[in-house]
Amino acid sequence: MRVANVSGRLSLVTGPGRALDVELASEGRFASDVQSVYERWDEFVEFAAGLEADPAGELTVSPETFGNPVPAPRQVFAIGLNYADHADESSFSVPEEPPVFTKFATSLAGPYGEIVLPQGNVDWEVELVAVIGRRAHRVAAENAWSHVAGVTIGQDISERLLQRVGPAPQFSLAKSYPGFGPIGPVLVTPDEFPDRDNLELGCLINGEQMQKGQTSDMVFPVPELIARLSAVTPLLPGDVIFTGTPAGVGLGRTPERYLAPGDELVSYVRGVGEMRHHLVAGS
Ligand code: ZN
């Protein structure tokens, strides 16, 4: 199942360029509000499974109408240094505990459009994003996937100068300028993948491949992250976890390279789709 936010309304993607408006298709049983579906995730999965193969009310949709499929999570978790090759390029050793930070809610954005560049060194980090579908508190890794509604693509855009200001790293603030947390274009349920623990992800700038990795290379795979986070903090339906980025960020290059006005950033996870953003100069 592929869930989308089409023009701000909860939708199910039924085919290329085709989607079903859930409020209409369910005759009001499910609201159009996208975020609220995660509170009733099990019920929604059951409803979607019962839909006819060719349901009435399908609409033709264009990509630019797709917004963030998780527009208002109560908690946003992000994980640093979760791929050994990225830890290495960042001059850190592979962590024994996952470093955790947040991206503040106002940084979240949709899968297409412009990202305004603030002053500084603005870097890219393509990531798999896991979305919680069932409350998770003290969940063991072997049961963790059953608490996941689905996965999507995220970019953990980061300003590297602010990130290193002060006595301790300012990850949360430096990764939370407006537009620094785009998510989308669709949430895909884990059953859609041949192997949900091994997905290819990557990003390109102006057509040049900058990052390419496999989620099977995570230091702490999705189930382990959920186990460790939920050992401390209950994870709530609709919460978002940015799961870390593989090698190939601008900070790790010689010479270092950062996003510039006019750049086009394409981010993908195979089996999910791609996001496409244009970088523009700030005022
Ligand atoms: Zn990151």
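Laboratory data are not the source of any read-out in this text; all were calculated from the coordinates shown. No experiment lies behind these values; they were computed from the predicted model shown. So basically every Cβ, Gly included, is an ideal-geometry build from the backbone, and we count neighbours across all protein chains shown.
Remarks
- For segment 189-200, Karplus couplings with θ = phi - 60° (6.51, -1.76, 1.60), whole Hz, Gly/Pro x: 5, x, 5, 6, 9, x, 9, 5, 9, 9, 10, 7
- A Cβ-based charge dipole, computed about the Cα centre of the chain with Lys and Arg at +1 and Asp and Glu at -1, lands at about 640 debye.
- Cα coordinate range in the chain, projected on the principal axes (Å, largest first): 55, 43, 31
- For Gly113, the residues whose modelled amide H falls within less than 5 Å of its own, excluding neighbours fewer than 5 places apart on the same chain, are Arg276, His278.
- For the chain, the relative contact order is 25 percent, taking Cα pairs closer than 8 Å that sit 6 or more residues apart in sequence and dividing their mean separation by the residue count.
- Other residues whose C-beta falls under 13 angstrom from the C-beta of Gly252 contribute a net charge of -3, scoring Lys and Arg +1 and Asp and Glu -1.
- Reducing segment 232-283 and segment 147-221 to their Cα centroids gives an inter-centroid distance of 5 Å.
- In segment 27-107, trypsin sites (Lys or Arg not before Pro) in a DSSP loop with at most 16 other beta-carbon atoms within 10 Å: Arg29, Arg74
- Label sites at Ser90 and Asp33, each approximated as a point 7 angstrom past Cα along Cα to Cβ, lie 3.5 nm apart.
- Proximal charge balance of Val186 [Cβ under 11 Å; K/R count +1, D/E count -1]: -1
- GluC sites (Glu not before Pro), loop per DSSP, at most 16 other Cβ atoms within 10 Å - longest free stretch of the chain: 97-255
- Shown in residue order for segment 9-23 are the 3J(HN,Hα) couplings computed by the Karplus curve 6.51 cos²θ - 1.76 cosθ + 1.60 at θ = phi - 60°: 10, 4, 9, 10, 7, 10, x, x, x, 10, 8, 10, 6, 5, 4 Hz (x for Gly and Pro).
- HN-Hα J in Hz across segment 57-65 - Karplus 6.51, -1.76, 1.60, θ = phi - 60°, x for Gly and Pro: x, 5, 10, 7, 10, 9, x, 5, 7
- DSSP bridge orientation in segment 76-281 - percent antiparallel, rounded to nearest 5: 75
- Residue (of Phe171, Val188, Leu201) at the positive-pole extreme of segment 90-230, dipole from beta-carbon charges: Phe171
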